[in-house]
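Inspection log for the structure reproduced underneath, given as structure tokens.
The values are calculated or read from the model by the stated rules, or taken from the named source; none is laboratory data. No experiment lies behind these values; they were computed from the predicted model shown. For neighbour counting, all protein chains shown are included, and Cβ atoms are generated from backbone atoms with ideal geometry for every residue, glycine included.
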Amino acid sequence: MFGKKKMGLILSGVLSLSLLAGCGNGGNAATATGEAKDTKAGAATGTTEISLYTGGSLNVKELWETLIKDFEAKNDHVKVKLVYLPAGTGGASTLDRLIAAKKSGQTDTDIDLYEGSLDDITKGVGEKLWETVDTAKVPNLANVDETYLKQVNNQAIPYRASSVVLAYNSAKVATPPKTADELYTWIRQHPGKFAYNDPSTGGSGSSFVNTVIYNFLPPEAMNSDDPANMKKWDQGFSLLKELGPSMYQKGVYPKKNQGTLDILASEEVDMVPAWSDMALEQLAKGLLPDTVKLTQIDPAFTGGPSYLMVPSLSSKKEATQEFLNFVLTPEAQTVVINKMYGYPGIKWSLMPSELQEKFNSVSSGYRSFNSGELQQEIYKRWQSEVAGG
Amino acid sequence: MSSSSKRGMLGLALVIPSFLILLVVVIIPILYAVKESLIDQHGTGYGLANYIRLFTEPAMRKNIIYTINVTLVSTALTLVISYALAIYLRFGKGFVVKWIGRLYFVPMFVPGVIATYAIITMYGNHGWAARLLLPLGIETIPRIIYDYKGLVLANLWFNIPFATMLLSSALASIPNAVVESARDAGASTLQLFGRFILPLSYKTMWVAVTFIFMGIMGSFTAPFLIGANSPQVLGVAMQQVFSSYQETHTASAMAVFMFLLCSFMGYFYIRTMVNDADAS
């Protein structure tokens with residue numbers, strides 16, 4: 001109810017502003033009528049409304065609600081409708097809808113902006129589903145690190161990111177491992193004090209597993225779905241098997257990303273791989289004891305951005321670009337950090353210096369990993385060899 | 001048209017709506033699952049490949065044996081405990097009985113996820129149980145969570161109240177006169193149970209066993225959160241095959257297999273009911 005009331009206030013504000021604009025512009029009669037007509041039309045239809053489709057956890061929804069409110073407070077002619085599909089309920093169907101619309105030759109959909117993963121982008125590329133974004137249309141795109149844009153051929157905007165890091169209890173671990181090999185040595189020397197979650201149930205566990213396996217392969221293999229790479233997994237898997245008995249309770253792998261954070265909080269283990277945004281949020285809320293610290297190892301764990309895509313079938317691209325331009329401003333990105341504890345989508349150097357300092361321990365970067373369908377083969381082999389072995 | 005065939009038509013017409021609902025929400029999905037399960041994982045054609053995989057892959061076979069083991073042990077334990085509890089509540093007297101009678105079904109109102117987390121915080125490695133035993137000098141408690149024991153414990157927690165409730169209502173319908181006259185005739189407690197109480201509550205016992213068995217067979221939340229990583233119960237393994245590996249056809253085969261296990265139980269249940277109806 002409150003939201004509606006507020007919306008009404010904003011709308012009436014827009015209306016009166018546009019009326020004022022119409023009145024004040026009396027110098028040139030011809031343009032004045034033209035402009036008055038435009039604003040009148042805008043006011044009557046309630047300005048341009050774009051819809052943003054997003055999924056993920058509740059924090060994603062809260063982030064967008066805040067960003068949209070900030071955006072609408074500054075903009076009087078674009079309204080953003082948020083369509084939130086909680087994780088696991090229909091994110092995939094949005095993409096299916098877009099593909100179906102394209103295939104059936106429709107010229108317009110009501111999906112003007114779609115938040116998704118690298119996977120979604122690749123699925124849509126073949127169908128020419130996404131509009132190419134460039135600085136001519138979205139000037140603030142210049143704030144984004146070019147390498148991340150090139151990775152997706154400018155088909156999407158990486159607007160926020162997070163990565164997997166090591167979360168450790170500094171009261172028990174004085175000097176955390178700095179490299180992957182140091183980490184494995186630490187695990188062997190402290191049996192039962194390290195845990196990673198079942199990789200098929202959460203990204204932090206699968207990042208640990210992928211890192212162990214692909215550290216034995218050339219770096220370019222991390223972003224290849226070539227099945228030939230499967231033959232090179234043996235070394236990684238035998239290392240995982242060898243580490244098994246040194247893991248929490250001699251080889252218990254809790255479920256989901258939260259499963260390992262829970263036993264870190266109850267001090268059953270001293271070190272776990274965790275998503276930077278999850279760990280930082282729980283530290284801020286006091287769900288993790290403040291002795292827990294985060295660090296990145298070398299070579300880094302995997303991580304990655306969340307992307308915004310503009311469907312090429314959208315008919316309201318200009319309004320959407322205006323909103324995108326706002327999302328890439330340092331103000332909006334500050335909201336991303338404060339609300340989501342994520343990394344900004346734009347360059348760190350453009351962010352306020354106190355935020356740069358605060359995120360110093362985790363912002364040293366991440367590697368991206370995308371092996372397509374091979375990921376499922378990793379899960380299967382892990383289940384039978386590491387969990388069942 | 002004769003009046004009897006008219007009545008027959010009416011009967012049929014009355015049955016049709018419920019049959020249609022059954023057809024749409026139960027029978028067609030089952031047939032669809034059977035069809036899906038017969039399609040080869042690579043989508044090349046029909047065959048038994050998914051079922052062969054189910055019974056030849058060592059990990060999957062371990063999962064099946066584990067599921068059947070957990071289900072049978074949990075069902076048997078639940079039945080024994082609930083029966084004892086129900087008899088105690090029916091024939092016992094006094095303050096304790098009254099309070100147990102008021103409280104035993106409380107776990108039924110606790111949602112599964114919350115109960116599962118309660119079990120984790122209670123019996124976990126650094127849980128309440130461990131902390132309470134620490135002053136007594138007991139430093140390590142056996143591993144309950146992420147283990148077979150924890151799973152059986154969770155199953156007991158979820159099923160004892162329901163089974164006890166069913167059995168209590170059956171025992172309540174046994175007249176006191178029967179029990180008292182048998183006692184007067186010199187029947188021992190064991191005889192009393194074997195000759196009177198068990199036969200009189202036998203049918204309800206089958207209802208309880210059927211529901212416990214099916215409930216445990218298809219359970220997911222507790223095994224997912226407190227079960228071991230391997231072997232897994234079929235419900236968890238099926239979810240993994242379906243959404244992590246995206247092998248929908250194999251998942252269908254697992255679903256059909258679970259359905260067969262449950263219908264085996266259902267067969268015994270229905271046979272008992274039919275025999276009973278014939279006898280009376």
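So that you can scan it fast, the table gives a plain yes or no per residue for (1) more than 14 Å from every other protein chain (Cβ to nearest Cβ); (2) of a type outside the set (S, T, N, Q); (3) surrounded by fewer than 16 Cβ atoms within 10 Å (Cβ to Cβ):
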{"site": "B:Asn50", "(1), (2), (3)": "yes, no, no"}
{"site": "B:Val70", "(1), (2), (3)": "yes, yes, no"}
{"site": "B:Ser74", "(1), (2), (3)": "yes, no, no"}
{"site": "B:Tyr83", "(1), (2), (3)": "yes, yes, no"}
{"site": "B:Ala86", "(1), (2), (3)": "yes, yes, no"}
{"site": "B:Ile100", "(1), (2), (3)": "yes, yes, yes"}
{"site": "B:Pro107", "(1), (2), (3)": "yes, yes, no"}
{"site": "B:Thr121", "(1), (2), (3)": "no, no, yes"}
{"site": "B:Ile144", "(1), (2), (3)": "no, yes, no"}
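Per-residue answers, yes or no, for (1) surrounded by fewer than 18 Cβ atoms within 10 Å (Cβ to Cβ); (2) within 30 Å of A:Leu350 (Cα to Cα):
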{"position": "A:Ile157", "(1), (2)": "no, yes"}
{"position": "A:Leu166", "(1), (2)": "no, yes"}
{"position": "A:Val173", "(1), (2)": "no, no"}
{"position": "A:Arg188", "(1), (2)": "yes, no"}
{"position": "A:Asn210", "(1), (2)": "no, no"}
{"position": "A:Tyr214", "(1), (2)": "no, no"}
{"position": "A:Met222", "(1), (2)": "no, yes"}
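Conditions tested, residue by residue: (1) charged (D, E, K, R); (2) touching a residue at least 40 places away in the same chain (Cβ under 8 Å); (3) closer than 29 Å to B:Leu225 by Cβ.
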site	(1), (2), (3)
B:Arg131	yes, no, yes
B:Ile144	no, no, yes
B:Trp157	no, yes, yes
B:Val178	no, no, no
B:Ala187	no, no, no
B:Gly194	no, no, no
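So, of the residues in the range B:235-277 that are polar (S, T, N, Q), crowded, with 19+ Cβ neighbours inside 10 Å and touching a residue at least 12 places away in the same chain (Cβ under 8 Å), which turns out to be nearest to A:Val252 (Cα to Cα)?
Only one residue fits best here, namely B:Thr250.
Go through the range A:357-389 and count every residue that is away from chain B (no Cβ under 14 Å) and part of a helix (DSSP H, G or I).
2
Here are some conditions: (1) assigned to a helix (DSSP H, G or I); (2) surrounded by 15 or more Cβ atoms within 10 Å (Cβ to Cβ); (3) charged (D, E, K, R). A:Asp119 meets all but one. Which one does it not meet?
It is condition (2) that A:Asp119 fails.
Considering only residues that are touching a residue at least 12 places away in the same chain (Cβ under 8 Å) and within 14 Å of chain B (Cβ to nearest Cβ), which ones fall in the range A:264-283?
Across the range A:264-283, the qualifying residues are A:Leu264, A:Ala265, A:Glu267, A:Glu268, A:Val269, A:Asp270.
Scanning for something over 30 Å from B:Ala177 (Cα atoms), among the β-branched types (Val, Ile, Thr) and in a helix (DSSP H, G or I), does the range B:76-94 turn up at least one residue?
For the range B:76-94, residues over 30 Å from B:Ala177 (Cα atoms), among the β-branched types (Val, Ile, Thr) and in a helix (DSSP H, G or I): absent.
Does B:Val113 satisfy the condition of being out of contact with any His (no Cβ under 6 Å at 6 or more places or on another chain) and within 14 Å of another protein chain (Cβ to nearest Cβ)?
Yes: the conditions hold for B:Val113.
Return the residues of the range A:232-263 that are more than 10 Å from chain B (Cβ to nearest Cβ) and more than 19 Å from A:Tyr184 (Cβ to Cβ); say none if nothing qualifies.
Within the range A:232-263, A:Asn257, A:Gln258, A:Leu261 meet the criteria.
Can you pull out the residues in the range B:52-66 that are surrounded by 19 or more Cβ atoms within 10 Å (Cβ to Cβ) and either in contact with a His (Cβ under 6 Å, 6 or more places away or on another chain) or within 12 Å of chain A (Cβ to nearest Cβ) (or both)?
B:Met60, B:Asn63, B:Tyr66
Do the conditions hold for B:Leu151, that is, is it within 14 Å of another protein chain (Cβ to nearest Cβ), touching a residue at least 40 places away in the same chain (Cβ under 8 Å) and assigned to a helix (DSSP H, G or I)?
In short, yes.
Can you say whether A:Leu118 is under 22 Å from the mean Cα position of the chain (by Cα) and closer than 19 Å to A:Ser51 by Cα, as far as the supplied structure shows?
Spelling it out, it is not the case that A:Leu118 is under 22 Å from the mean Cα position of the chain (by Cα) and closer than 19 Å to A:Ser51 by Cα.
For the range B:135-143, does any single residue satisfy the condition of being more than 27 Å from the chain's Cα centre (by Cα) and either in a helix (DSSP H, G or I) or under 12 Å from B:Ser82 (Cβ atoms) (or both)?
Checking the range B:135-143: at least one residue is more than 27 Å from the chain's Cα centre (by Cα) and either in a helix (DSSP H, G or I) or under 12 Å from B:Ser82 (Cβ atoms) (or both).
Conditions tested, residue by residue: (1) in a strand (DSSP E or B); (2) at pLDDT 90 or above; (3) touching a helix residue (DSSP H, G or I) at 6+ places or on another chain (Cβ under 8 Å).
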{"position": "A:Ala32", "(1), (2), (3)": "no, no, yes"}
{"position": "A:Thr39", "(1), (2), (3)": "no, no, yes"}
{"position": "A:Ala44", "(1), (2), (3)": "no, no, no"}
{"position": "A:Ser51", "(1), (2), (3)": "yes, yes, no"}
{"position": "A:Asn59", "(1), (2), (3)": "no, no, yes"}
{"position": "A:Trp64", "(1), (2), (3)": "no, yes, no"}
{"position": "A:Phe71", "(1), (2), (3)": "no, yes, yes"}
{"position": "A:Val80", "(1), (2), (3)": "yes, yes, yes"}
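Got a number for residues in the range B:213-234 being among the small types (Gly, Ala, Ser), surrounded by 22 or more Cβ atoms within 10 Å (Cβ to Cβ) and either more than 10 Å from every other protein chain (Cβ to nearest Cβ) or on the phi > 0 side of the Ramachandran plot (or both)?
2
Check B:Gln246 against each of (1) outside any loop (DSSP other than H, G, I, E, B); (2) at pLDDT below 90; (3) within 28 Å of A:Lys256 (Cβ to Cβ) and name the one condition it does not meet.
Among (1) outside any loop (DSSP other than H, G, I, E, B); (2) at pLDDT below 90; (3) within 28 Å of A:Lys256 (Cβ to Cβ), the lone unmet condition for B:Gln246 is (1).
Looking at the structure I just gave you, is B:Tyr88 over 28 Å from B:Pro142 (Cα atoms) and touching a residue at least 60 places away in the same chain (Cβ under 8 Å)?
No: the conditions fail for B:Tyr88.
Of all residues in the range A:171-201, which are β-branched (Val, Ile, Thr), assigned to a helix (DSSP H, G or I) and closer than 25 Å to A:Lys255 by Cβ?
A:Ile187, A:Thr201, listed by residue number.
Could you identify the single residue in B:Ser263, B:Ser219 that is within 14 Å of the chain's Cα centre (by Cα) and outside any helix (DSSP H, G or I)?
Among B:Ser263, B:Ser219, only B:Ser219 is within 14 Å of the chain's Cα centre (by Cα) and outside any helix (DSSP H, G or I).
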